[in-house]
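Read through the structure below, which is laid out as structure tokens, and then see the notes.
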Amino acid sequence: MTDPQLHDSRFLRAARCEPTDTTPIWIMRQAGRYLPEYMAVRSKVTFLELCKTPELAAEVTLSAQRVLGVDAAILFADLLPILEPMGLELEYRPGPAIMNPIREAADVDRVTELEEMGELDFVFEAVRLIRRDLPGNIPLLGFAGCPFTLASYAIEGGGSRNYIHTKKLMYNDSGAWNALMNKLTASLIRYLKAQIEAGCQAVQIFDSWAGCLSPADYRQYVLPHTKAIVDAMPPDTPVINFLTGNPALLPLLRESGGNVFGLDWRVDLKNAWATVGHDVAVQGNLDPISLFANLDTLRNRARAVLNAAEGRPGHIFNLGHGVTPEMDPNNVKALVEMVHEMGQR
């Protein structure tokens, strides 16, 4: 049972579409390279070492929440380490690269569904450490990549503009595609449940690359797998379902499930909320590059997002994607203060 102080926190109240004293805010990638506190830790280790050292992952998670004054902490981790115990070789150069990508249907056979989470215990230990030291009214968010985004990384071997290898497998061999997606889905369900059991109050699932799909392809090849993950989560744990890059997928995103729908900056928040339905919460959706504007302009742009939400319970302010590494941390702090001030009920 959730602690009453956490249950009544701004973030969790908003996730349930309940009134709050002001609009809650957290920032995707809030623990990152733009923060001196993060760089002081990161300068001593590689990125993967930081992810896999619970004490350090906890430190950067906690410092970001404390320095920014945001209404939720998000576990410092990465989408891709779950692929390692599944049989994929992961390196950062500095961006992520899969050294043995899946290119043929037969390659799917070497991907192992995770029955046990022992090889990822560094994630759950970080959760336990963070939850121990977070303020009692600040929820901790866990997260994972959605099956399509993880499958695309595993197949492409890294970033992609056209997702040629992914779509070739998807279109040419639906049996192999579904086998891979089923392995990822089952593994992700166990992974997210373990994060929740370790101490997370909510989880966000990222489909960072699904915007490359048409609505018909998303419905056929992706929606059933994402929906299976959402449906498997404990009913008292909010799920934030975030997909970026294609507003045409919003009706299908709602169909795939979730309590909160993350909106990127390329969609009007008011219209998007009407599309997904006012019975669910929404998160977003300031263009991250707005943080490079002067503070008066930033205030006006933040006000526009708040105005689009019309004071309706269930709005969680965030960027439409992650904060960029070059950002002045003072601008991020200023945004948090602006939202708390202008979002007062």
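No value in this document is a laboratory result; all are computed from the given coordinates. For clarity, every value in this text was computed on a predicted model and none was experimentally measured. Every residue, glycine among them, receives a Cβ derived from its backbone with ideal geometry; neighbour counts consider all protein chains shown.
The table below gives the values:
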item: For Gly158, distant residues with modelled amide H under 5 Å away; result: Ile98
item: FRET efficiency, 1/(1 + (r/R0)^6) with R0 22 Å, evaluated for Asp328 and Arg66 via beta carbons; result: 0.75
item: Placed amide H near Asn318: partners under 5 Å, 5+ positions off or other chain; result: Gly284, Asn285, Leu286
item: Debye, to nearest 20: dipole size of the chain, +1 on Lys, Arg Cβ, -1 on Asp, Glu Cβ; result: 720 debye
item: In sequence order, calculated HN-Hα J values of the stretch 191-196 (Karplus, 6.51, -1.76, 1.60; Hz; x Gly/Pro); result: 5, 5, 4, 5, 4, 5
item: Phi to ³J(HN,Hα) by Karplus 6.51 cos²θ - 1.76 cosθ + 1.60 over the stretch 244-260, Hz, x for Gly, Pro; result: 10, x, 7, x, 4, 8, 4, x, 6, 4, 4, 5, 6, x, x, 9, 10
item: Around Asp287: net Lys/Arg minus Asp/Glu count, Cβ-Cβ under 11 Å; result: +1
item: Alpha carbon centroid spacing (whole Å) that separates the stretch 80-98 from the stretch 315-342; result: 30 Å
item: Sequence-distant aspartates and glutamates (8 or more away, or on other chains) whose Cα lies within less than 18 Å of Lys168; result: Glu104, Asp107, Asp109, Glu156, Asp217
item: Surface/4 of the Cα convex hull for the stretch 85-222, nm²; result: 9.2 nm²
item: 3J(HN,Hα) from dihedral phi, the stretch 273-288, Karplus parametrisation 6.51/-1.76/1.60, rounded to Hz, x for glycine, proline; result: 4, 4, 5, 7, x, 7, 7, 10, 8, 10, 10, x, 8, 5, 4, x
item: Pairs beyond 29 Å (Cα-Cα), from Lys52/Lys183; Lys52/Lys167; Lys52/Lys193; result: Lys52/Lys167
item: Rounded Å value of the spacing that divides the Cα centres of the stretch 178-226 and the stretch 260-281; result: 20 Å
item: P(r) weight above 16 Å for the stretch 29-124, C-alpha pairs, percent; result: 61 percent
item: Percent antiparallel among DSSP beta bridges (both partners in the chain, rounded to 5); result: 10 percent
item: Extension gain (nm, one decimal) between Arg312 and Met39, 0.36 nm per residue minus Cα-Cα; result: 94.5 nm
item: MRE, 222 nm, helices only [DSSP H, n ≥ 4, -39500 (n - 2.57), over the chain, to nearest 500]; result: -13500 deg cm²/dmol
item: Residues in the stretch 284-305 reached by a label modelled at Glu337 [backbone nitrogen below 18 Å; 7 Å Cα→Cβ]; result: 291-303
item: Interchain or long-range residues, amide H under 5 Å from Gly145's placed H; result: Phe206
